[in-house]
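Below: the structure, in structure tokens.
The values are calculated or read from the model by the stated rules, or taken from the named source; none is laboratory data. No experiment lies behind these values; they were computed from the predicted model shown. Please note: Cβ atoms are built from the backbone with ideal geometry, for glycine as well, and neighbour counts cover all protein chains shown. Please note that ligands, DNA and RNA were not included when accessible areas were found on the heavy atoms of the full protein model with its side chains. Shrake-Rupley method; radii C 1.70, N 1.55, O 1.52, S 1.80 Å.
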Amino acid sequence: ANTFGSWELASLIDIRGRVGFVAGDALFYGAAGWSWGTHENTITGVEIGLDGHSLGLGVEYNVTDQLFVGVDYTMRSMDGANADLGLDLNVNPLALRGGFRF
């Protein structure tokens, strides 16, 4: 049995800005910002607060005037500590997106 438990990212909040350029119906962009999160042990309930920078690249494509689809890759490098443990965590998701503008 695993007496130490496993760790999971319990929460994640980002604030970021995007800068890009339009080519036809596509928007290509780079993003930068700051991330905050909580890493939690699933057995003990011990939490470690994390924060750090994020960098990303993405593209959005206008299917119609109201509908868009896109893909975004964001690299987050966060660290944190409590009295017993220090932690460096990289979270690098690839997100597929869709939206409706009205």
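Observations, loosely collected:
- Test: Trp7 is under 11 Å from the mean Cα position of the chain (by Cα) and open to solvent by 90 Å² or more (accessible area, probe 1.4 Å): no
- For region 10-51, the set of residues classified as surrounded by 15 or more Cβ atoms within 10 Å (Cβ to Cβ), of a type in the set (Gly, Ala, Ser) and under 14 Å from the mean Cα position of the chain (by Cα) consists of Ala31, Gly33, Ser35, Gly37, listed by residue number.
- Qualifying residues in region 79-102 (those that are modelled with pLDDT under 95 and hydrophobic (A, V, I, L, M, F, W, C)) - the one surrounded by the fewest Cβ atoms within 10 Å (Cβ to Cβ): Phe102
- In region 68-95, the residues that are part of a strand (DSSP E or B), more than 16 Å from Phe28 (Cβ to Cβ), touching a residue at least 24 places away in the same chain (Cβ under 8 Å) and touching a strand residue (DSSP E or B) at 6+ places or on another chain (Cβ under 6 Å): Arg76, Ser77, Met78, Asp79, Gly80, Leu87, Leu89, Val91
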